[in-house]
Amino acid sequence: MSIASFMRMKAENRRIVMVTSYDYPTAAIADAVGVDSILVGDSYGMVVLGYESTIPVTIEELLPVCRAVRRGAAHPLLIGDLPFMSFQVSPEEAIRTAGRFVKEGGMEAVKIEGGSEVSRTVESISRAGIPVLGHIGVTPQTATLHGGYRVQGRSVDSGDKLVEDAKSLEEAGVFGIVLEMVTEEVAKVVTETVSVPTIGIGSGRFCDGQVLVLLA
């Protein structure tokens with residue numbers, strides 16, 4: 001699965017199947033059943049390491065997981081999740097971090113949480129030749145700033161902000177956008193507004209695909 005074929009699935013109205021994986025065995029299973037993409041998520045910290053949030057997860061903890069998943073999966077598009085404070089300081093640091101996930105982790109793309117505020121960073125990484133998957137709605141790394149894990153898009157202002165964030169990320173060069181815990185109505189508008197695929201997690205039926213956290 002290439003970036004181009006991943007993006008083409010939206011135009012062809014083919015649903016995208018994405019799962020998380022944190023080790024070789026689950027990656028091999030996901031590969032065997034034919035999922036389209038695997039996300040090595042920073043949710044690894046909560047699911048496997050027992051952290052209370054994704055905040056403590058480090059690059060050094062995720063890179064070995066990326067390599068294990070790379071060894072287990074040959075066909076899906078592999079995406080590494082950039083952990084908290086690994087890309088926020090500067091676009092230059094973000095490029096270095098993303099580069100490590102590709103060069104050392106064997107990933108083919110990276111995921112970044114945030115909307116228009118990270119557009120410059122997304123653009124910098126994309127220009128460096130590393131594909132970026134966006135992530136808006138509930139963003140676990142900054143959930144406490146937005147009242148915790150609450151569905152986003154319930155008000156007009158919140159919905160409009162999500163649409164603007166999605167458009168900003170598309171303009172910055174993302175190849176897709178994760179919509180986490182967004183109202184179904186807003187997720188539908190976002191999906192119809194942007195030309196890149198939307199991947200829902202708790203955001204209803206109108207997204208172009210779904211991502212599920214796979215528990216071992």
Which residues, taken from segment 1-38, are within 21 Å of Val190 (Cα to Cα) and in contact with a helix residue (DSSP H, G or I) (Cβ under 6 Å, 6 or more places away or on another chain)?
Ile16
Looking at (1) touching a helix residue (DSSP H, G or I) at 6+ places or on another chain (Cβ under 6 Å); (2) open to solvent by 60 Å² or more (accessible area, probe 1.4 Å), which is the only condition Glu92 fails?
(1)
Pull out all pairs, ordered by first then second residue, where Cβ-Cβ is under 9 Å, the residues are six or more apart or on different chains, the first lies in segment 42-55 and is touching a residue at least 60 places away in the same chain (Cβ under 8 Å) and under 15 Å from Leu215 (Cβ atoms), and the second is in a helix (DSSP H, G or I) and among the hydrophobic types (A, V, I, L, M, F, W, C).
Val48/Val65
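Condition check ((1) hydroxyl-bearing (Ser, Thr, Tyr); (2) in a helix (DSSP H, G or I); (3) open to solvent by less than 70 Å² (accessible area, probe 1.4 Å)) across all residues:
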site	(1), (2), (3)
Arg14	no, no, no
Tyr22	yes, no, yes
Thr26	yes, yes, yes
Leu39	no, no, yes
Asp42	no, no, yes
Ser53	yes, no, yes
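Suppose the filter is aliphatic (A, V, I, L, M), out of contact with any Asp or Glu (no Cβ under 6 Å at 6 or more places or on another chain) and either open to solvent by less than 10 Å² (accessible area, probe 1.4 Å) or more than 30 Å from Arg67 (Cβ to Cβ) (or both); does Met107 pass it?
Details: aliphatic (A, V, I, L, M): yes; out of contact with any Asp or Glu (no Cβ under 6 Å at 6 or more places or on another chain): yes; either open to solvent by less than 10 Å² (accessible area, probe 1.4 Å) or more than 30 Å from Arg67 (Cβ to Cβ) (or both): yes.
When the stated conditions are applied, Met107 passes them.
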Can you tell me which residue is nearest to Ala28 (Cα to Cα) among those in segment 184-213 that are crowded, with 21+ Cβ neighbours inside 10 Å and over 13 Å from the mean Cα position of the chain (by Cα)?
Asp208
Conditions (1) buried (at least 23 other Cβ atoms within 10 Å of the Cβ); (2) without any contact (Cβ under 8 Å) to a residue 40 or more places away in the chain: number failed by Val122:
(2)
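For segment 135-145, does any single residue satisfy the condition of being surrounded by fewer than 17 Cβ atoms within 10 Å (Cβ to Cβ) and among the polar types (S, T, N, Q)? Break it down into steps so the answer makes sense when it comes.
Applying the first criterion (surrounded by fewer than 17 Cβ atoms within 10 Å (Cβ to Cβ)) to segment 135-145 yields 142, 144-145.
Still in the running and among the polar types (S, T, N, Q): 142, 144.
Yes, segment 135-145 contains at least one residue that is surrounded by fewer than 17 Cβ atoms within 10 Å (Cβ to Cβ) and among the polar types (S, T, N, Q).
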Return the total of residues in segment 169-183 being under 16 Å from the mean Cα position of the chain (by Cα) and open to solvent by 20 Å² or more (accessible area, probe 1.4 Å).
4
In segment 61-76, is there at least one residue being closer than 19 Å to Ile125 by Cβ and open to solvent by 50 Å² or more (accessible area, probe 1.4 Å)?
no
Are any residues in segment 1-33 among the small types (Gly, Ala, Ser) and either in contact with a strand residue (DSSP E or B) (Cβ under 8 Å, 6 or more places away or on another chain) or farther than 20 Å from Gln210 by Cβ (or both), and if so, which ones?
Ser2, Ala4, Ser21, Ala27, Ala28, Ala30
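The values are calculated or read from the model by the stated rules, or taken from the named source; none is laboratory data. Please read all numbers here as calculations on a predicted model, not as lab measurements. Here the Cβ is made from the backbone with ideal geometry for all residues, glycine too, and neighbour counts use every protein chain on show. Heavy atoms of the whole protein, side chains included, go into the accessibility calculation; ligands, DNA and RNA do not. Shrake-Rupley method; radii C 1.70, N 1.55, O 1.52, S 1.80 Å.
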